[in-house]
Structures are given as C-alpha cells and as structure tokens.
Amino acid sequence: MKKIREVFRREYLERVKKKSFWITTFVVPFLILLFTFLPFLLGVVSKGKNYKIAVVDRDGYVKKNLDVEKSIDMKAQKGIPQSGKISFFISKNDSIEKLKKDVISKKIAGFIVVPKNFESKNISFYTLNTNNIGLILKISSKFKELAISKRLERLNIKISQKELKKIMSGIKVETFKISKKGKTKKSYFQISFWVVFSFIFILYMILLMYGSISMRGVIEEKSSKVMEVLLSIYSPFELMMGKLLGIGFVGLTQILVYMAFAGIIGVFVTLEAVMFLPQVADVFKNLNFAIFIYYIVFFLLGYFMYTSMFLGIGSLCSSEEDAQNIQTPVVFLIIIPFVSTIYLIQNPESTISVILSLIPFFTPMVMFMRVATSNPPFWQVLLSIVLTFISTIFIVRFSARIFRTGVLMYGKRPSFKEIVRWVRE
Amino acid sequence: MQGDTLFELRGVKKRFGDIKALDGISFLVERGEIFGLIGPNGAGKTTTIRTILGIILPDSGEILIKGKKFSRDMVDMFGYLPEERGLYRKMKIKDLLIFFGRSKGVYGKDLIDKIYYWLEKMDLLDYKSKKVEELSKGMQQKIQFIITIINDPEIIILDEPFSGLDPINRDLFKDTILELNKEGKTIVYSTHNLEEAEKLSNSICLINKGKVVLKGKLSEIKEKYGKNSIVLECDGEINFLKEYDFFMDIDIYKNYAEFTLKKGINSEEILKILLDRKIKIKKFQVVEPSLRKIFISTVKPGA
C-alpha cells in the first residue's frame, strides 16, 4: 500500500501542477460562470439609470395611447437585474440621422421608429448597447401591449389596461411522467435534454482524455527507460494501481470542481438573485443531488474499466505511433455508448436502451442517461452497477497481467497469441 | 565481515522464447565486497541482474537473500542503476528525488537531508529546481546515481555503471563506489570492460551465453592462472612458437607475445628454445595474467 501511495502521489501532483489542468478545470468553468453573471454585473453598473427613449410615431396611435408622462420602472419586471427607469417622449423631428447623433452624444438612450400600421409590422429600436436585455424586454412588452390594443380597437373592443395585461399573460404546459407503479413525477425531459447531454459529453471527454493520458504516461516511461528503475522498486501491479488511482483522482478532482461551479450557479438560481435565461434556471432547479452521486459512480466505474485497458495497451507499445492502432477498439468502446445516447435519449426506456445500459462497457454513459432522463427500475440500475463493477475487476486484473509482461518488452510489439499467453501465465 | 554470504543465486534459468538467456547461473556474493559480473554483450548480465531484483522471475532455480527467498518487501534493500538510464524528463530535480526517495521508504527531513547531501557532493545543488530535460547528459547520469543510493541501500547493483561517462564523472563514480564500499555497502556491478573489473573487484563472476564460465575471488583466480603466464618482448620472428605443444593459449604480435603454459611445462624450456633460435630477448617475465587474458581464454570458443 505504501508503494501504491507514492505512485499515486506523483501521478496526482505532477498532473495537478500542470497548466493545462488549471485551464480546463478552473479557467473554463470560471469563464462560463462569468458569462452567466455578466448581465447581472452589467445591471449593477447601470443601476438607477434613466433611459430617455425618443419615439418616431409614423402611425399616430402611439402618440395618443402611450402614457408619456409616466416613466416605466424597470424593476417592476421580475428577474431582470437592471434597475432604472425608462421614459418615452414623442420625437418632434422625423430625421433618423439627427436622432442618431443625439444617441451618440448621449442626449437620449435610443429611439424607436414606429411605422404606419405597426401592429402588423416590425418596430425598430436604435441604441448604443444592444446587450441591455432588460431594456429591450421592457420596450418590446410595452409595444406588444400597444399593438394588441390597437388590433382590439380595430375589432371595436375597448378594454382597460388591467384587462389587457390579463389577456396577454400566457400559460405554461407542465408535463408529468407516469411511472409503471402509477406514481407521477414532474417530467423535465425537454429542458434537461441538453443538460443530460452535456453531462454525458463531459463524461465521454474525461474518460477518453484520462484514458489516453495514462496510456501516454506508460509509453513515456517505457521510451524514456525510467520504467526499469520503477520496476526495481515497484511490482507492476503496484505501479499500475498507483497510476490508475492517481490519474483517476485527477479526473475526480476535475469533476468535483465542475460540480462546485454548477452548485454556485444553482444557489444563485434558487435564490433568484440573478437573472438567467428561464431555460437555464429551470434546469438547475430540476437537478437533484442523486444525479450527482450517480454521475460520480458511473464516472468511477467507466474510468477504472477503460483506463486499465488503456494502461495495458500502453504497456505493449514502445512509441505512441505503436499505440494508434491497438487503442482503436477501446476508443470505440467509449464512442459507441456516447453516440448511442444521442439517439437513445429520446426514448430512454426502449428495449435497446435497456439492453445497452446493462452491457458493462456501455453502462456508464447509457445507464446514466436513463437515470437522468427517466425513471428506470432500481433493480436495473443496481444490476448494471454490479455487473460493471465485477467486469471492471476482471478487466483490471487482465490488464495488470498484460502490463506485468508488457512493460519490460521493447521493440517488436507482441502478437495477439503472445498476449494471450501472458494473460494465462 | 568478509566471508559472510549476503545473497546467492542457485541454478537460475530463464528462457525468452527459444533463447536460453540464463542457463543455470549460480554464484554467491559476500557482504561488503565489490562483485564484478563480467561478460561480453548478450551474455546475460542484465537478465541476471533483473532476476536478482525481482524484475523478472526465473523459470527455475532460486535467489536467496540473507538465506531467505526473494520477496517484494526486500526491494528497499537494493539500489539499482540500470544500464539504460532514464528519468522523468518533465520533473524538477528535487521533486524527482523526493519521489524516488519516498518510493524507497525514506521520508521527511531525513530524505531532504540526503537529497541536499548528495546534490552538494555531485555539485548539482544549483540545479535542484531545474527540470530534468534542462540538464546535460552527464548531470542526468549523476542524478540517476543519486536515485540509486538515496535510500542508503545495503546492496548496490550497477549495470554498466561507467558506460557513457566522461573521464571526470567516471572518476567521481568510481570514488563514490569505493567510498560506499568502505562504509560497508555491498556492490554488484556488471561490465564488459575487464581492465575496470580488474582494478575494482574483490570477486568476479564471468558469464557467457547464460552460463558461468569462471567465478571466485579475483586474487585466487589470478593465482590459479598466474604461475604460468608469460610476457615476452623480443627482436625477431617468433611465430614458430605456435608449432610447439606447450601452450594453453598463445597470443603473438610482431615483437611481442603473451602465452600461458600447459601444466608441467617449465618456463625455462621456452627460454631455452628462444636462445637456441638466437632471438634477442628484451623482456621475459612470468606475470599474473590480465583478466582480459583469462576472459579471452575462457570465453573463446574451443579454448
């Protein structure tokens, strides 16, 4: 154990110290986080601002119906981070060029051109900063109201502002999934499609990445001849286990950091402190803790299964070119479940999906997809985990036997027959 | 402590496919000696060393260390310098030494002290924060040597320790080896350089084609071969000596010859023949045979 610990320590520390690890683990999610909060941050900056908007009314309806005196408080709309006021005024001049100059010189925040019969056309809004979502949303809802009330007027229906608001509010369709036991559960399939898919994509990337990283590590040790010293200190099994655990922990660290970032976003979403696109917000509200646990379990199973194979392959090769060909079957074992989930995710409980999720090589991705998108019977989940666990133990032992002999081989790559002999010995 | 067996190989055999790499190797190494494992390239030196270290398992035969069969927990007793040197190129020197030190069971302050001691001794202290790949080849060799001995091993095994070294490092390694030996470490090293083995070893084991050809204390071997070895320097044709059936082996150059007499043949008889032929003798000396001579005479096919 002491020996395994030292290999583990080196593999972990050397990899965690690398720049590339810091970039993929911290910088990338930090940037994502930053972009998520950017509207919020911008909103804070523009707090209390008064937006003066000129309206060029070529229709005539707006002049009569827009309450020019009353400015609109932007905070009135829930979830919009920007605070401030919007006040409209009807522009006296009709020249767009002149208004543009006013915008540039910041006399006004922007201007709106309302064409004749605007209710069946588009309205144009000109401004310097087109990223001000709060402002744009507010303006568009105001003019939507105007357009609808004009349409109603043409039908000779007169209604109050209050009634108009009621007419405009839509309803949401909530879908419920009925499980075989008759329980109903709020389905979040549509919104979680992309989330589950990105979870699986990250899983796929990490499995492939760490697999080939560990393989390259072994090849490097062989080609740099440091292997000989290592083998005088470690048994091949200790070496392989140390590597497997050390590199696996790097992957686990990365996943936990990602989850921490997701958690931070989740906290902000639940507190409703920050504006998010409603889709994003819903996704985070629907993620539960169990999904994360399953994710880690399936990551670990997949990692040990695939990476031990990669380590075995690495031990057979003296150079990376050598590895190109023999790693292909293993790479396919990772690609196949990834590609199939893209199709299966639309019908996660189909027979083929169930079968694939129970085949150990495909379990990590396919079963995770099922767990995340539907309600698979628990016995199937458990069975798949047990099956994958048992096969992982076999694969690790099998790879360790190849590794034991492979690490000392140089030059000619052994034939398949020879490899079979090593495993039997 | 002389005369105390530290480890022993008994009839060790190892095949690689059709090739008999080791064909019943047996020898014993005593505590505190410098033991030279000698043989031409491909004789099985590296394979022998690898079996001692447990890197490869013999097909048959056994390896006893302090009377016990080799097991994994004995690995920390050894320090091993492989023939093909290799380090983690991207690691910093200090981290590298910490890794190998810890791997071999040295920790904490003790380890740091040892690292500084050896870096200073090898004149590499300024490079401790540099990466391996930034060092010259000679420096990397020194680092590899430090790794070998960082755990203060009882048995130091060096596979061709002097190959590829410049004269300065060669002396540094040699002095360090002698110093370590003085401290009581047992040193086993392999070489095909016989002059070196002759100067350094207490005991030798000569192997060829996986078999032990000659083994024992160097002094005893030399004595055994020494009484009938003759070096001759002269003026004149001496090729005729080959016609006589007096020699175990004979090596004739233009004005120089080395030969070993068969048992029962007296050196005076040779001298008499030479005088009869009126050869001008510059030097006629009974010598201890060089290891080279012994090597050639034992390894040469048909000799």
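The values are calculated or read from the model by the stated rules, or taken from the named source; none is laboratory data. Computed from a predicted model, the values in this text were never measured in an experiment. No Cβ is skipped: glycine too gets one built from the backbone with ideal geometry, and neighbour counts run over all protein chains shown.
Return a yes/no flag: does the stretch B:114-136 have any residue that is surrounded by 14 or more Cβ atoms within 10 Å (Cβ to Cβ) and within 20 Å of the chain's Cα centre (by Cα).
The answer is no, given that none of the residues of the stretch B:114-136 is surrounded by 14 or more Cβ atoms within 10 Å (Cβ to Cβ) and within 20 Å of the chain's Cα centre (by Cα).
I want to confirm something. Restricting to the stretch B:72-85 and keeping residues that are without any contact (Cβ under 8 Å) to a residue 40 or more places away in the chain and facing another protein chain (nearest Cβ under 8 Å), which single residue is surrounded by the most Cβ atoms within 10 Å (Cβ to Cβ)?
Checked the stretch B:72-85; the qualifying residue surrounded by the most Cβ atoms within 10 Å (Cβ to Cβ) is B:V75.
Kindly evaluate A:F261 against the criterion of being among the aromatic types (F, W, Y), closer than 25 Å to A:M369 by Cβ and either without any contact (Cβ under 8 Å) to a residue 40 or more places away in the chain or buried (at least 17 other Cβ atoms within 10 Å of the Cβ) (or both).
Details: among the aromatic types (F, W, Y): yes; closer than 25 Å to A:M369 by Cβ: yes; either without any contact (Cβ under 8 Å) to a residue 40 or more places away in the chain or buried (at least 17 other Cβ atoms within 10 Å of the Cβ) (or both): yes.
Judged against the criteria, A:F261 is a match.
Only one of A:L42, A:L66, A:L31, A:L38 is under 44 Å from the mean Cα position of the chain (by Cα), surrounded by fewer than 19 Cβ atoms within 10 Å (Cβ to Cβ) and modelled with pLDDT of 75 or more. Can you tell me which?
Values: A:L42 fails: modelled with pLDDT of 75 or more; A:L66 fails: surrounded by fewer than 19 Cβ atoms within 10 Å (Cβ to Cβ); A:L38 fails: modelled with pLDDT of 75 or more.
It is A:L31.
So which residues in the stretch A:132-171 are in a loop (DSSP other than H, G, I, E, B) and in contact with a helix residue (DSSP H, G or I) (Cβ under 7 Å, 6 or more places away or on another chain)? Spell out how you get there, then give the answer.
Looking only at the stretch A:132-171, we keep the residues that are in a loop (DSSP other than H, G, I, E, B), and these are A:132, A:155-160, A:169-171.
Result: A:I159, single match.
Identify all residues within the stretch A:1-16 that are under 10 Å from B:S103 (Cβ atoms) and either more than 10 Å from every other protein chain (Cβ to nearest Cβ) or surrounded by fewer than 21 Cβ atoms within 10 Å (Cβ to Cβ) (or both); write none if there are none.
Here is the first cut: in the stretch A:1-16, the residues under 10 Å from B:S103 (Cβ atoms) are A:2-3, A:5-7, A:9-10.
Selection gives A:K2, A:R5, A:R9.
Tell me, yes or no, whether the stretch A:412-420 has at least one residue that is touching an Asp or Glu at 6+ places or on another chain (Cβ under 8 Å), among the basic types (K, R), surrounded by 16 or more Cβ atoms within 10 Å (Cβ to Cβ) and in the same structural domain as A:K243 (by TED's automatic domain parsing). Steps first, answer last, please.
Filtering the stretch A:412-420 down to residues touching an Asp or Glu at 6+ places or on another chain (Cβ under 8 Å) leaves A:413.
Imposing the further condition that a residue be among the basic types (K, R) reduces the set to A:413.
Retained after the next criterion (residues that are surrounded by 16 or more Cβ atoms within 10 Å (Cβ to Cβ)): A:413.
This time we only want the ones that are in the same structural domain as A:K243 (by TED's automatic domain parsing), so: A:413.
Checked the stretch A:412-420: at least one residue is touching an Asp or Glu at 6+ places or on another chain (Cβ under 8 Å), among the basic types (K, R), surrounded by 16 or more Cβ atoms within 10 Å (Cβ to Cβ) and in the same structural domain as A:K243 (by TED's automatic domain parsing).
Have a look at B:I143, B:I63 and point out the one that is of a type in the set (V, I, T), assigned to a strand (DSSP E or B) and touching a residue at least 40 places away in the same chain (Cβ under 8 Å).
It is B:I63.
Looking at this structure, is B:M91 touching a strand residue (DSSP E or B) at 6+ places or on another chain (Cβ under 7 Å), under 30 Å from B:I38 (Cα atoms), surrounded by fewer than 22 Cβ atoms within 10 Å (Cβ to Cβ) and at pLDDT below 95? Give the derivation first.
Details: touching a strand residue (DSSP E or B) at 6+ places or on another chain (Cβ under 7 Å): yes; under 30 Å from B:I38 (Cα atoms): no; surrounded by fewer than 22 Cβ atoms within 10 Å (Cβ to Cβ): yes; at pLDDT below 95: yes.
So B:M91 fails the test.
Name the residues in the stretch A:205-231 that are among the basic types (K, R) and assigned to a helix (DSSP H, G or I), would you?
Applying the first criterion (among the basic types (K, R)) to the stretch A:205-231 yields A:216, A:222, A:225.
Answer for the stretch A:205-231, where residues must be among the basic types (K, R) and assigned to a helix (DSSP H, G or I): A:R216, A:K222.
Given the condition part of a loop (DSSP other than H, G, I, E, B), among the aliphatic types (A, V, I, L, M) and in contact with a Gly (Cβ under 9 Å, 6 or more places away or on another chain), answer yes or no: does some residue in the stretch B:124-135 qualify? Working first, answer last.
Restricting attention to the stretch B:124-135, the residues satisfying the condition of being part of a loop (DSSP other than H, G, I, E, B) are B:124, B:128-130, B:135.
The next check asks that each one be among the aliphatic types (A, V, I, L, M); those that pass are B:124, B:135.
Those left that are additionally in contact with a Gly (Cβ under 9 Å, 6 or more places away or on another chain): none.
Within the stretch B:124-135 (the criterion being part of a loop (DSSP other than H, G, I, E, B), among the aliphatic types (A, V, I, L, M) and in contact with a Gly (Cβ under 9 Å, 6 or more places away or on another chain)), the answer is no, since none of the residues qualifies.
Can you pull out the residues in the stretch B:86-96 that are assigned to a helix (DSSP H, G or I) and either within 11 Å of another protein chain (Cβ to nearest Cβ) or in contact with a Phe, Trp or Tyr (Cβ under 8 Å, 6 or more places away or on another chain) (or both)? Show your work before the answer.
So in the stretch B:86-96, the residues assigned to a helix (DSSP H, G or I) come out as B:93-96.
Hits for the stretch B:86-96 are B:I93, B:D95, B:L96.
Show me the helices (runs of 4 or more DSSP H) found entirely inside the stretch A:313-407 where at least 1 residues are in the same structural domain as A:N288 (by TED's automatic domain parsing), surrounded by fewer than 16 Cβ atoms within 10 Å (Cβ to Cβ) and without any contact (Cβ under 8 Å) to a residue 12 or more places away in the chain.
Working: elements: A:320-326, A:328-344, A:351-358, A:363-373, A:378-406.
The qualifying helices (runs of 4 or more DSSP H) are A:320-326, A:328-344, A:351-358, A:378-406.
Looking for something within 30 Å of B:I156 (Cα to Cα) and in a helix (DSSP H, G or I) - is there at least one such residue anywhere in the stretch B:186-193?
No.
Among B:E134, B:E30, B:E120, which is the only one that is within 19 Å of B:F7 (Cα to Cα) and of a type outside the set (F, W, Y)?
Working: B:E134 fails: within 19 Å of B:F7 (Cα to Cα); B:E120 fails: within 19 Å of B:F7 (Cα to Cα).
Of the residues listed, the single one that is within 19 Å of B:F7 (Cα to Cα) and of a type outside the set (F, W, Y) is B:E30.
Going by what's in this entry, would B:F70 be described as within 24 Å of A:G406 (Cα to Cα) and within 24 Å of the chain's Cα centre (by Cα)?
On the way: within 24 Å of A:G406 (Cα to Cα): yes; within 24 Å of the chain's Cα centre (by Cα): yes.
Against the criterion (within 24 Å of A:G406 (Cα to Cα) and within 24 Å of the chain's Cα centre (by Cα)), B:F70 qualifies.
Just checking, does the stretch B:107-120 include any residue being part of a helix (DSSP H, G or I), within 14 Å of another protein chain (Cβ to nearest Cβ) and acidic (D, E)? Steps first, please.
Within the stretch B:107-120, the first condition is being part of a helix (DSSP H, G or I), and the residues that meet it are B:108-120.
Keeping just the survivors that are within 14 Å of another protein chain (Cβ to nearest Cβ) gives B:108, B:111.
Remaining after also requiring acidic (D, E): none.
No, the stretch B:107-120 contains no residue that is part of a helix (DSSP H, G or I), within 14 Å of another protein chain (Cβ to nearest Cβ) and acidic (D, E).
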